[in-house]
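*Asks:* Dropping a structure here in structure tokens format, bear with me for questions.
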Amino acid sequence: MTSRQRVAVVGVMLLSLLSFSTAQNAAEATPSAQEAPTREEVLKFLDLMHSRQQMALIMDGMAAQFKQGAEEGFKKKVPNAAPEQLAKVDALFGDIFKSLPIDEMVEAIVPIYQKHLSRSDLNAATAFYSSPAGQRILKELPAISSEAMQAGGKIGQRSFAAMSDKFEKQLDELIKESTK
């Protein structure tokens, strides 16, 4: 992966963390233990929201971007790369994201939902997403997410490419300083 692609990936991750952090700060006070939804209620809601499938789609999208970045980086280093060589580069990234434990990730977010949502909040959200409008949103969400990732990825690449040269120079200076 090229340094520009690393910068783009780090930038996207930082934007994701920033938006998550902003959403956390905007949340109301933590519900009491009596008001918090149970683990089973949260898992039922996450199933309704197709969370596992959404996580798998996100991982597939990230894997595709990493594979593309790796292939582009390899082509820069080996301009006349043979198709077999490119296939080997693709294979290196093919299974990286498939091995991520999605069930473990789902379990890890249960306490987050319990911390930020009351049982009545979760019941209201469940009622909405069980409605025809909510089901329509859930049906379209994978396509919306995919298109949003593509659009955001293009914007991120363009923005980070503009900053990449400056970043590379600063990184080179840091490396030179650390070797002294």
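*Asks:* Hey, among L122, L141, which residue is touching a residue at least 40 places away in the same chain (Cβ under 8 Å) and either part of a loop (DSSP other than H, G, I, E, B) or farther than 18 Å from L43 by Cα (or both)?
*Replies:* Of L122, L141, the one residue that is touching a residue at least 40 places away in the same chain (Cβ under 8 Å) and either part of a loop (DSSP other than H, G, I, E, B) or farther than 18 Å from L43 by Cα (or both) is L141.
*Asks:* Select from the range 68-126 the residues that are of a type in the set (S, T, Y) and surrounded by 16 or more Cβ atoms within 10 Å (Cβ to Cβ) and write down the one among them that is nearest to P31 (Cα to Cα).
*Replies:* Result: S118.
*Asks:* Related question: Given the options K67, K75, name the one that is touching a residue at least 24 places away in the same chain (Cβ under 8 Å) and charged (D, E, K, R).
*Replies:* It is K67.
*Asks:* Somewhere in the range 86-104, is a residue under 29 Å from L43 (Cα atoms) and touching a residue at least 60 places away in the same chain (Cβ under 8 Å)?
*Replies:* No: the range 86-104 contains no residue that is under 29 Å from L43 (Cα atoms) and touching a residue at least 60 places away in the same chain (Cβ under 8 Å).
*Asks:* Which one of the conditions (1) assigned to a helix (DSSP H, G or I); (2) at pLDDT 90 or above does P37 fail to meet, given that it meets all the rest?
*Replies:* The failed condition is (1).
*Asks:* Related question: Looking at (1) of a type outside the set (D, E, K, R); (2) over 30 Å from E35 (Cα atoms); (3) more than 17 Å from the chain's Cα centre (by Cα), can you tell me which one S146 breaks?
*Replies:* If we test S146 against (1) of a type outside the set (D, E, K, R); (2) over 30 Å from E35 (Cα atoms); (3) more than 17 Å from the chain's Cα centre (by Cα), just (3) comes out false.
*Asks:* Within the range 41-64, how many residues turn out to be touching a residue at least 40 places away in the same chain (Cβ under 8 Å), assigned to a helix (DSSP H, G or I) and not basic (K, R)?
*Replies:* Matching residues across the range 41-64 total 15.
*Asks:* Residue check: is S32 closer than 30 Å to K166 by Cβ, loosely packed, with under 15 Cβ neighbours inside 10 Å, among the small types (G, A, S) and at pLDDT below 85?
*Replies:* no
The values are calculated or read from the model by the stated rules, or taken from the named source; none is laboratory data. Remember, predicted model here, so these are calculated numbers, not experimental data. Virtual Cβ from ideal backbone geometry, glycine too; neighbours counted across all protein chains shown.
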